[in-house]
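One structure below.
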Amino acid sequence: MPSINSEKHNSKILFVDDEISILKSIKRGFLHSDFEVFTAPGTIEGLQILENENIDILVTDYRMPGMDGFQFLKIVKEKFPAVNRVILSGFIEKSVAVESLTRGLASTYILKPWLNEEVEEKLNHILNIRRILKSNKLLHIINGIANLPVLSNIYHEFMEAVNNEKSMGEVSKIVQKDPSIATKILHVANSAFYGLKNCSSISQASVTLGLDTLQDILLTISVIDTMKWNSDQTKHLQDIFIRSFIMNSLLPELYKKKYGKGPYKNFPSAGLTYDTGKIILLQYYPGRFNSIIGNKNKNRGMEFYESELALGFEEISHQEIGAFFLDYWNLPEIFVETALFHHNPEDASDQNRDIVRLINLIDRLIDYILAGKNTDTIDLSLFKNDLISDKTLKEVIPTIKKKLSEHVSIIVHD
Ligand SMILES: [Fe+2]
């Protein structure tokens with residue numbers, strides 16, 4: 001992975017807020033920063049600056065007279081898609097901010113009142129991620145894909161409904177709005193991946209598979225075209241599905257044990273998408289995917305990422321490739337970060353680091369078990385961490401084993 005650096009740069013940041021005192025304090029606060037700071041007291045002035053300057057990040061207030069933050073972000077997304085969008089929001093508007101995040105209008109939010117150092121660190125982190133995702137080597141790989149997969153708007157609507165705890169029926173209705181998507185979902189649900197037989201309705205699929213799984217399929221069908229797949233590809237996709245399924249069932253449980261609800265509560269499906277890069281490799285670069293797997297199998301016990309490193313794909317691994325697409329699809333920052341750093345969790349932002357570390361831990365446990373190593377004599381020091389206790393670790397292992405065996409049997413029976 002390209003190293004995160006703190007070299008001097010003159011990135012352009014635009015702050016939009018109708019409170020002049022806030023803009024003044026921002027200007028003062030960032031006087032000695034590496035950023036070139038622009039401020040606008042309203043959305044019209046903000047749009048003018050966006051027109052004339054190459055702005056990297058827009059940080060905007062949410063509640064403003066005239067056009068509100070939501071409308072403003074919508075316009076900016078359409079007209080200036082390369083600008084990273086961040087919401088500066090008061091605590092009361094936090095839920096509205098989350099709604100904007102799930103709709104792909106902003107990547108993250110900063111809560112008022114803020115500490116300048118924290119905001120500066122956050123902006124630097126966003127810029128570093130942008131640098132990684134825009135590196136020539138990565139773009140070279142992405143440009144090799146003739147038609148970039150597009151994420152349906154339905155995905156964002158679906159995420160929003162799930163986050164708002166809408167009923168199964170309401171969520172299913174969203175998917176049914178697009179018959180071609182509904183058909184593709186049923187195709188995957190009825191295939192070997194999930195082992196459903198003759199499931200003919202989305203409602204039935206959502207009840208049997210669960211909303212998490214449905215969301216996972218929804219994202220995956222944007223990326224893949226299973227109709228043309230060979231059985232090897234299908235088998236590898238099953239492995240990726242099972243992994244994300246186990247991840248997303250354990251992650252909230254373990255996170256809650258340590259933190260109660262916390263920020264992760266807003267994105268209960270963050271565990272589903274962390275390995276998206278593998279799916280992209282499988283679909284668009286099957287040769288490379290197979291060589292990674294081949295090398296992994298030759299060196300029994302080696303993990304997928306280790307095999308990538310050994311083959312010289314360090315800078316552009318499945319982490320960068322997956323993160324590129326999640327960012328391209330305007331998924332919130334937490335999704336991009338979990339994909340980008342799940343094998344290097346210490347590089348994640350302060351805000352998301354513990355979630356990424358937890359994903360890393362569960363991912364390594366799954367690898368350990370899949371490698372057929374004896375879990376009775378497991379050396380817990382390999383998984384030593386301050387997120388979950390040894391006792392919980394010991395309890396988690398049989399749970400993973402059980403989930404793996406349940407799903408392996410589904411595949412075997414098909
Ligand atoms: Fe991975």
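Against the conditions (1) more than 16 Å from the ligand (Cβ to nearest atom); (2) modelled with pLDDT of 90 or more; (3) within 26 Å of S100 (Cα to Cα), where does Y274 fall short? Just the number, please. So the condition that Y274 fails would be (1). Close Cβ contacts (under 7 Å, 6 or more residues apart or on different chains) running from residues in the range 292-309 that are assigned by TED's automatic domain parsing to the domain that holds L370 to residues that are part of a loop (DSSP other than H, G, I, E, B) and within 12 Å of the ligand (Cβ to nearest atom) comprise Y305/S317; Y305/H343; E308/S317. Checked against (1) surrounded by fewer than 20 Cβ atoms within 10 Å (Cβ to Cβ); (2) in contact with a strand residue (DSSP E or B) (Cβ under 7 Å, 6 or more places away or on another chain); (3) farther than 17 Å from V119 by Cβ, F30 meets all criteria but (3). Where helices (runs of 4 or more DSSP H) fall wholly inside the range 300-403, the ranges with 1 or more residues that are more than 14 Å from M247 (Cβ to Cβ) and in contact with a strand residue (DSSP E or B) (Cβ under 8 Å, 6 or more places away or on another chain) are 333-341.
Has the range 349-356 got any residue that is within 14 Å of the ligand (Cβ to nearest atom) and modelled with pLDDT of 90 or more? Yes - at least one qualifying residue is present in the range 349-356. Checking V86, V59 one by one, the residue that is in contact with a Ser or Thr (Cβ under 9 Å, 6 or more places away or on another chain), under 22 Å from K122 (Cβ atoms), outside the structural domain of L331 (by TED's automatic domain parsing) and not in a helix (DSSP H, G or I) is V86 and no other. If I go through the range 305-339 residue by residue, how many of them are within 12 Å of the ligand (Cβ to nearest atom) and touching a Lys or Arg at 6+ places or on another chain (Cβ under 6 Å)? So the answer is 2. If you filter the range 141-167 down to residues that are loosely packed, with under 15 Cβ neighbours inside 10 Å and in a helix (DSSP H, G or I), you find that the one that is farthest from the chain's Cα centre (by Cα) is N143.
The values are calculated or read from the model by the stated rules, or taken from the named source; none is laboratory data. All values reported here derive from a predicted model rather than from experimental measurement. A quick note on method: Cβ atoms are made from the backbone with ideal geometry, for glycine too, and the neighbour counts reach across all protein chains shown.
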